[in-house]
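First comes the structure, then the notes that go with it.
The values are calculated or read from the model by the stated rules, or taken from the named source; none is laboratory data. What you see is a predicted model, and the numbers here were worked out from it, not measured in a lab. Here Cβ is always computed from backbone atoms with ideal geometry, including for glycine, and neighbour counts include all displayed protein chains. SASA here: full protein model, heavy atoms, side chains in, ligands and nucleic acids out. Shrake-Rupley method; radii C 1.70, N 1.55, O 1.52, S 1.80 Å.
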Amino acid sequence: MSETASAQVTLANSTALLPSLGPLLHEWLPRQRWFAGKGRPIAAFSLVSATEILPVDSGAADTGPGLLHLLVRAHQPTMADQPPPDCYQLLLGVRSTLPPPLAPALIGHVADGPLAGRTVYDGLHDPRLAALLLERLRTPGRLGGLRFGRGPEPVAAGLAPRVLDTEQSNSSLVYGDSYILKIFRRVFPGTNPDLELPLALSREGCGRVPAPVAWFEAAVPERLTLGVLQPYLRGAQDGWQLALRALAAGHDFTQEAHALGRATAEVHTALAVALPTPPLGRTETEELAAAMVRRLESAAQAVPELVPYVPGLRAAFDAVRVMGRRGLGWAAQRVHGDLHLGQTLRDTDGFWSLIDFEGEPARPLPERRSPQSPVRDIAGMLRSFDYAARSHRPWNAAWAARCRTAYCDGYAQAAGIDPRGEPELLRAHETDKAVYEVLYEARHRPDWLPVPMAAIHRLAADADRSGPPLP
């Protein structure tokens, strides 16, 4: 860590701190849902930075908790050309004894080093420490290697925190019914799109995305986005659950899909105004198609079920490459990057919002921040309608087809551009998304693998047809 502040004490700068925590982290970290390196052993940890948000009391036993913020790299076996080890954000509570209600958050008991004899745990589950984090976000400024920023509106104080247990790649705290704080667990150099894009949209007056209220970052030496505080949409329901309930009740969902198309178009339009819109020319288009082919070939090596479909799927990517060589290009801009029904919320008045602009966490941050065709987001939502329909028994193909049509109709009305007018690009992005889904399900939810494989079968068969992908 390059600089310190008076709030930091010897503990945060102790060279013995991480070695003393290492044995506990070896056991605890791989069990967390947000740990990306599952299936590979951890060879070592290295400390990127340490800051005491609430200093650990070195006095008598049974004193109040301390809150220690760590950025730690987990070194795991990788190929020679792989990126640096993943960096994780840890907020560790430190107590002499852990109260029974906090037992599920236990990391372990430290045997030696500066925390010898203390108990460490996931501090986000401690209401006292979570409340302290909100209080720190209320005041812009620096604390050691951490930087706290805030929007123009003041942040309310004294709100009771609670942890959401539904996320996988991050952690979230809800404060009262006013705010939700997303903590990025796996962090990357650069501004996270989940802060960058909502800030840009708020400047354009786009009400489809909750505007950031406050945030915090690190500079060690690269800039790292660590957390974003946004308004909590009380009573809002996510689109995935709404779609499943509609299917279960035998209800139509086309009105909601149409409204979602309009909401997506409004967000895309605002992003195109707020941020650069470079064209996808010949070189960029060929690189796009080549990247899709590489992901397909890599996925086929990991999931043998894909192998018979590779020629048909590759044809969808080759069609885009050929169009690029002919000089045909597309507009590019910043997009959501991982749009599906679960990334949408409908409030009690029927108003749709888009959330979670982080993009696909498995992809490098520079790729997630690069301008792309808006068709990528549209393809993601089309796949989501298919997912919802196939999760219901019996499979309701007509329901998915109606939703896909209504969504594109709503988008075309609001944007003035029909995404179905770019069939080769739409098919390629939907195929790329289905390949990603196959790899994800094979690794994490094998029982769900037939869902994207059904799309793979369809898309491979449709690859040589003209017109947009069939529902």
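Hey, can you list the DSSP H helices of the chain whose Cα span along the axis is 20 Å or longer and whose average Kyte-Doolittle score is at least 0.0?
254-274, 310-325
Putting +1 on Lys and Arg Cβ atoms and -1 on Asp and Glu Cβ atoms, find which of PHE35, GLY123, ALA157 reaches farthest to the positive end of the dipole of the chain.
Value computed over the given set: PHE35.
Once you charge only the Cβ atoms, +1 for Lys and Arg and -1 for Asp and Glu, what is the size of the charge dipole of the chain about its Cα centre, to the nearest 20 debye?
Roughly 220 debye, rounded to the nearest 20.
About its Cα centre, what dipole magnitude does the stretch 187-238 give when the only charges are +1 on Lys and Arg Cβ and -1 on Asp and Glu Cβ, stated in debye to the nearest 20?
Working: 4 positive and 6 negative charges, 36 e Å.
Roughly 180 debye for the stretch 187-238.
Step through the residues of the stretch 343-357 one at a time and calculate ³J(HN,Hα) from phi using the Karplus curve (6.51 cos²θ - 1.76 cosθ + 1.60, θ = phi - 60°), rounding each to whole Hz and writing x for Gly and Pro.
Listing the rounded values in order: 9, 10, 9, 10, 7, 5, 8, x, 8, 9, 10, 9, 9, 6, 8 Hz.
For the chain, what is the calculated [θ] at 222 nm in deg cm²/dmol (nearest 500), taking -39500 (n - 2.57) for each run of four or more DSSP H residues and dividing by its residue count? Write out the running numbers ahead of the final one.
Values: 13 runs with 181 residues, N = 471.
That comes out to -12500 deg cm²/dmol.
Can you give the accessible area per residue of the chain, in Å², using a 1.4 Å probe?
Details: 20230 Å² over 471 residues.
So the chain comes to 43 Å² accessible per residue, rounded to a whole number.
I'd like to know which of LEU426, GLY64, LEU54 lies farthest towards the positive end of the charge dipole of the chain, counting +1 on Cβ of Lys and Arg and -1 on Cβ of Asp and Glu.
Sorting the options by dipole projection puts first LEU426.
Using the Kirkwood formula on the Cα atoms of the stretch 14-132, what hydrodynamic radius do you get, in angstrom to one decimal? The partial results should precede the final answer.
Values: mean 1/r = 0.0669 Å⁻¹.
Hydrodynamic radius (Kirkwood, Cα only) of the stretch 14-132 equals 14.9 Å.
Answer rounded, prolate or oblate for the stretch 266-377, using the Cα gyration tensor with square roots of eigenvalues a ≥ b ≥ c: rounded when a/c is under 1.5, else prolate when a/b is larger than b/c, else oblate. Don't skip to the answer; put the middle values down first.
Numbers: a/c = 2.26, a/b = 1.36, b/c = 1.67.
Since a/c reaches 1.5 but b/c is at least a/b, the shape of the stretch 266-377 is classed as oblate.
Grab the beta carbon distance between ASP447 and ASN396, set R0 = 22 Å, and tell me the FRET efficiency rounded to 0.05.
0.70
Obtain the radius of gyration and the Kirkwood radius of the stretch 369-471 from its C-alpha atoms and give Rg over Rh. Walk me through the intermediate numbers first.
On the way: Rg = 13.6 Å, Rh = 14.1 Å.
For the stretch 369-471, the value is 0.96.
With contacts defined as alpha carbon pairs under 8 Å and 6 or more residues apart, what's the relative contact order of the stretch 190-258 in percent?
24
Rounded, prolate or oblate for the stretch 190-334? Axes are the square roots of the Cα gyration tensor eigenvalues, ordered a ≥ b ≥ c, and the cut-off for rounded is a/c under 1.5.
oblate
Decide, for the stretch 146-263, between rounded, prolate and oblate: order the square roots of the alpha carbon gyration tensor eigenvalues as a ≥ b ≥ c, take rounded if a/c falls under 1.5, and otherwise choose prolate if a/b is larger than b/c, else oblate. The partial results should precede the final answer.
On the way: a/c = 1.88, a/b = 1.74, b/c = 1.08.
Note, shape of the stretch 146-263 comes out prolate.
Using a 1.4 Å probe on the protein chains only, how many percent of the accessible area of the chain belongs to carbon and sulfur?
The C+S portion of the solvent-accessible surface of the chain is 54 percent.
Once phi is turned into θ = phi - 60°, what whole-Hz ³J(HN,Hα) does the Karplus curve with 6.51, -1.76 and 1.60 give for every residue of the stretch 89-94, x standing for Gly and Pro?
So the J values, rounded to whole Hz, are 9, 10, 10, 9, x, 10.
Under 8 Å for C-alpha pairs, at least 6 residues apart: give me the relative contact order for the chain, rounded to a whole percent.
12
For the stretch 315-373, report the % of Cα-Cα distances exceeding 17 Å. It would help to have the intermediate numbers written out before the result.
Numbers: 1005 of 1711 pairs.
Percent of Cα pairs beyond 17 Å in the stretch 315-373: 59.
Can you work out the Karplus-derived ³J(HN,Hα) for every residue in the stretch 209-223? Use 6.51 cos²θ - 1.76 cosθ + 1.60 with θ = phi - 60°, whole Hz, and x for glycine or proline.
Coupling constants for the stretch 209-223: 10, x, 6, x, 8, 7, 7, 9, 9, 10, 9, 9, x, 6, 7 Hz.
Given an 8 Å cut-off on Cα distances and at least 6 residues of separation, report the relative contact order of the stretch 71-184 as a percent.
Rounded, it is 15 percent for the stretch 71-184.
For the stretch 95-158, what is the convex hull (Cα atoms) projected area averaged across all directions, in square nanometres?
Reported value for the Cα convex hull: 5.7 nm².
For the stretch 248-330, what ratio Rg/Rh do Cα atoms give with a Kirkwood hydrodynamic radius?
1.13
Where the centre of each part is set by its Cα atoms, how far does the stretch 207-224 sit from the stretch 268-338, in angstrom?
Between the Cα centres of the stretch 207-224 and the stretch 268-338 lies a distance of 29 Å.
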